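Note sheet for the following structure.
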Amino acid sequence: MYTEIVKIIEGGLLGDKEKVQNYAVVLANNLEKEGEVALSNKIKGVISKRKRGLTSLDSFAMKPVDTESRMDIVEITTPEISQEQIVLSRYVEDEIQSFIECYANRDELIKAGIEISNSLLLYGPPGCGKTTVAQFISAMTGLPLVTARLDGLISSLLGSTAKNIRKIFDYASKRECILFLDEFDVIAKLRDDKNELGELKRVVNSLIQNIDGLNNDSILIAATNHHELLDPAIWRRFSKVITLEKPQTEEIGNLLQIYLKNYNNSIIANSKKVEQLEIAFKGFSHSDIKTTISNTIKTAIIKKKSTINECDVLKEIYFHQYHNVDDEDAFIRYLLRYGATHKEINESLDVSLRKIQTLSKEEKGEM
């Protein structure tokens with residue numbers, strides 16, 4: 001039994017999924033022989049859930065290419081992302097989970113006479129998790145993620161663009177997968193847009209026909225930052241439409257917990273500091289928050305700081321918003337306003353405590 005566990009670990013570290021699967025089967029069989037039936041069944045259940053996705057990867061070797069440029073027009077990935085990495089509103093998370101469960105139970109739904117369309121449209125501001133949601137659904141369903149590459153898909157010859165769309169859908173229809181069309185508005189614009197050529201309208205018609213023809217064993221996910229540009233007929237092709245907005249207060253707090261937990265800090269155990277940063281981060285996207293925290297950690301590592309404090313994060317927030325410090329007094333007031341201590345500012349900016357105290361009194365209206 002220990003041999004199997006070691007081999008599974010080796011396979012995981014090497015990224016050899018076949019080795020992990022084979023030794024997991026051996027481990028499950030041995031556990032069953034030793035009377036550990038419940039654990040054996042649990043392992044077999046995990047294997048069964050993932051087996052379909054692993055087996056199907058062999059059929060993804062020959063990717064479609066653009067005839068003109070010879071560029072690949074899709075990328076194939078098998079994301080590993082957990083529920084904890086998805087930080088959205090409770091209602092949005094419920095909708096995404098419902099979509100996954102509908103796919104998992106599609107046979108029962110078909111038997112009940114319900115028409116199945118495994119299609120999801122995600123829209124909202126940039127950096128709010130559209131790609132992450134597609135990766136999460138891929139991880140939960142065990143289906144490979146086939147992402148359309150717009151640089152290869154959009155040809156200088158619009159007729160070739162329509163052909164490339166057909167190639168992508170033909171490719172996705174022959175194998176169980178998730179077809180992910182990011183920046184969807186580029187190929188799904190309003191057909192009555194007077195600024196567009198007639199040929200581009202034919203591209204949209206081709207897209208609609210191919211969406212209608214996608215088989216029920218695959219999933220279509222489209223994402224756009226500009227939903228207002230989409231043709232009305234496109235909207236009707238999606239069984240579920242979800243808006244992903246910038247994170248609200250509670251979600252910002254959850255993101256701080258996720259991104260700061262692996263580096264020693266004086267923030268996440270202090271509810272007051274978390275609340276102050278939740279306010280400072282208001283209006284930031286999920287991606288902006290991740291970038292800001294990542295920059296904070298990188299700076300701390302380079303400067304060999306053992307602990308990240310609130311001032312460290314606030315500095316990165318300020319630079320993310322304004323890209324420079326034109327007025328040092330205004331910068332210090334900003335840090336004070338969102339909870340940085342006099343000591344933190346003094347050590348971080350090398351500014352005298354007297355100046356910080358004076359600005360603090362002004363900020364509080366004591367002068």
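Values computed for the structure shown
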| quantity | calculated |
| --- | --- |
| Label-zone membership for region 284-300, site Ala330, 7 angstrom Cα→C-beta point, backbone N under 20 Å | 284 |
| Flagged links, alpha-carbon separation over 18 Å, of Lys130/Lys167; Lys272/Lys298; Lys63/Lys174; Lys130/Lys290; Lys130/Lys298 | Lys130/Lys167; Lys272/Lys298; Lys130/Lys298 |
| Per-residue SASA entry for Ser348, accessible area with 1.4 Å probe, Å² rounded to 10 | 40 |
| Accessible surface of Thr77 - all protein chains present, 1.4 Å probe, nearest 10 Å² | 60 |
| Accessible area, probe 1.4 Å, largest first, for residues Ile297, Ile317 | Ile297, Ile317 |
| Proximal lysines relative to Lys44, as straight alpha-carbon distance under 22 Å, when same-chain residues fewer than 8 apart are discounted | Lys7, Lys17, Lys19, Lys33 |
| Distance in nm between pseudo-label sites at Lys303 and Glu75 (7 Å out along the Cβ direction from Cα) | 3.3 |
| Candidates Val325, Val87, Val274, ranked by Gaussian network fluctuation over the chain, Cα under 10 Å, top entry | Val325 |
| Helix-derived mean residue ellipticity, 222 nm - over the chain, DSSP H n ≥ 4, -39500 (n - 2.57), to 500 | -17500 deg cm²/dmol |
| Which of Lys33, Lys303 is most accessible, then next, and so on - probe 1.4 Å | Lys33, Lys303 |
| Efficiency of FRET from Cβ geometry, Thr3 and Ala269, R₀ 56 Å, rounded to 0.05 | 0.85 |
| Average Cα contact separation per residue, region 204-352, under 8 Å, 6 or more apart, as relative contact order % | 20 |
| The chain - share of DSSP beta bridges that are antiparallel (%, nearest 5) | 25 |
| Solvent-accessible surface (1.4 angstrom probe) belonging to Ile43, in square angstrom, nearest 10 | 40 |
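The values are calculated or read from the model by the stated rules, or taken from the named source; none is laboratory data. Note that the structure is a prediction, hence the values are computed from the model and not measured. Here the Cβ is made from the backbone with ideal geometry for all residues, glycine too, and neighbour counts use every protein chain on show. Please note that ligands, DNA and RNA were not included when accessible areas were found on the heavy atoms of the full protein model with its side chains. Shrake-Rupley method; radii C 1.70, N 1.55, O 1.52, S 1.80 Å.
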